Amino acid sequence: GSGIAVGVTAGLQFLPMLLFGAWGGAIADRHNKRRLLLLTQTLQTIGPLTLLGLAITGTVPPVAVFAVVLFRGAVNAVDYPTRQAFVSEIVGRDRVVNAVSLNSVLVHSSRIAGPAIAGILIATVGTAPCFALNAASFVVMIVALAGMDTAALRPPKPVARRPGAIREGLAYVRRSPSLWVPLALMAIVGTFGFNFQALLPLLADKSFGAGASGYALLVSAMGAGAIVGALTTGARNHVSSSLLVAAAAAFGVLAFVASAAPTLALMAIAVVPLGASTVTLAASINSGLQLAAEPSMRGRVMALYSVVFLGSTPIGAPLTGWLCDAVDPRAALVMAGASGLIGAGLARVAFDRANSVTLSHLSMPQVET
């Protein structure tokens, strides 16, 4: 019954990413990523198994939920950047954009199927089986990782452990506009726009009085749009600055349009293209960073992506929850729209300035000495 509690729950899940995500990337660069993922995926089963036990007892205090999602977030601070950097080792540079987009298709397909399966289970047998199924899903991932053909992977040479590895990663990003501009864009939109985990349930409940069924409808509709966006992005083999700016601007405009939807049905229609623009922006930034980063720095670069993509949630989700309680869930959509348009404008200026500096440097006369 509390929008702030929903926002805090989402925020706690990603707080460790905000605080320790950069260290997670350094760990990923130092170790074999497949073996590291086997460990983190095993640890990920602890959260749903704990909630399963609580659900069976019939007592699930909010503090227990907070603790579980905080633990999951701590594991994810290593797991997420490792998974992102592992993509290039599986498919190579030529297929990074396609692979990231395909991954987005799978993620968002699961967001359609997941709520539908959960809704059926909750209505027929209760919440406990949902957590049991969640725990079992990690077992599938562990089996898949264990069965990979390691000879077909393309692992970079592990980076030796040394002081200053994180500062080295930050300095590397700061020197390259093709890295820091997309990361800054994601920081803006991720903080103030990508808070749908907290926004959608509150939008369904407070704006339309539709409860869980309305939430499932909105999640499914947004997931369907995200699949379309991911498939469209996957047809490309490169990422341009114009695509990033256009995707951010489209996200901003579509969020404003969604904020004006008067009924649940029209809101479900409005979030379809919004979902497409969301995944287009996120997947394009993700694959663009992987293409631009050197293999030895990829774990740290993707850790910074994880920080601004997921680590921004502890700031944005409680803010979204507060706006939903104090004003209206539509106000959070207005905030999201503003972040997209402002981010697009700032990114365009930064890209143009970086290009002009590069051209100026190239046109300087060579002086013989």
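Test of understanding: in a Gaussian network model of the chain with alpha carbons linked when under 10 Å, which of Gly316, Gly11, Gly209 would top the mean-square fluctuation ranking?
Gly209
Per the helix-only calculation at 222 nm, which mean residue ellipticity applies to the chain, given -39500 (n - 2.57) for every DSSP H run of n ≥ 4 and division by its residues, nearest 500 deg cm²/dmol?
-27500 deg cm²/dmol
Using only the alpha carbons, work out the radius of gyration and Dmax of the range 136-204 in angstrom.
Rg, Dmax (Cα atoms, Å): 19.2, 50.
Would you mind getting the Kirkwood hydrodynamic radius of the range 72-140 from its Cα pairs, rounded to one decimal in Å?
For the range 72-140, the Kirkwood estimate is 14.2 Å.
Would you mind getting the Kirkwood hydrodynamic radius of the range 240-369 from its Cα pairs, rounded to one decimal in Å?
17.0 Å
Using a Gaussian network model on the chain with a 10 Å cutoff between Cα atoms, which of Val307, Val140, Val257 fluctuates the most?
Maximum fluctuation in the GNM of the chain, among the listed residues, is at Val140.
Can you list the HN-Hα couplings for the range 290-298, worked out from phi with the Karplus curve (6.51, -1.76, 1.60; θ = phi - 60°), rounded to whole Hz and with x for Gly and Pro?
My calculation for the range 290-298 gives 5, 6, 7, 8, 5, x, 6, 10, 5 Hz in order.
From the backbone phi of the range 313-320, what are the Karplus-calculated ³J(HN,Hα) couplings (6.51 cos²θ - 1.76 cosθ + 1.60, θ = phi - 60°) in whole Hz, Gly and Pro given as x?
Residue by residue, the range 313-320 yields 4, x, 8, x, 5, x, 4, 4 Hz.
Under 13 Å from the Cβ of Thr150, count the other residues' Cβ atoms, weight Lys and Arg +1, Asp and Glu -1, and hand me the total.
Cβ neighbours under 13 Å give a net charge of +2.
For the Cα atoms of the chain, what angle does the longest principal axis make with the long axis of helix 62-91, in degrees from 0 to 90, nearest 10?
40 degrees
Say R0 is 45 Å: what FRET efficiency, to the nearest 0.05, do Thr57 and Asn355 get from their beta-carbon distance?
0.15
Relative to the longest principal Cα axis of the chain, at what angle does helix 96-124 sit, 0 to 90 degrees, rounded to 10?
10 degrees
Averaged over every viewing direction, what's the projected area of the C-alpha convex hull for the chain? Give it in nm², one decimal, please.
20.3 nm²
Quick one: grab the alpha carbon gyration tensor of the range 129-270, order the square roots of its eigenvalues as a ≥ b ≥ c, and give me rounded if a/c is under 1.5, else prolate or oblate depending on whether a/b is larger than b/c.
Taking the square roots of the gyration eigenvalues as a ≥ b ≥ c, the range 129-270 is oblate.
For the chain, modelled as a GNM with alpha-carbon contacts under 10 angstrom, which of Gly193, Gly92, Gly147 fluctuates the most?
Answer for the Gaussian network model of the chain: Gly147.
What's the local net charge at Gly345, with K and R +1, D and E -1, over the other residues with C-beta under 15 Å away?
Net charge in that neighbourhood comes out at +1.
For the Cα atoms of the chain, what angle does the longest principal axis make with the long axis of helix 329-362, in degrees from 0 to 90, nearest 10?
10 degrees
Laboratory data are not the source of any read-out in this text; all were calculated from the coordinates shown. Computed from a predicted model, the values in this text were never measured in an experiment. In this analysis, Cβ positions are derived from the backbone assuming ideal geometry, glycine residues included, and neighbour counts consider all displayed protein chains.
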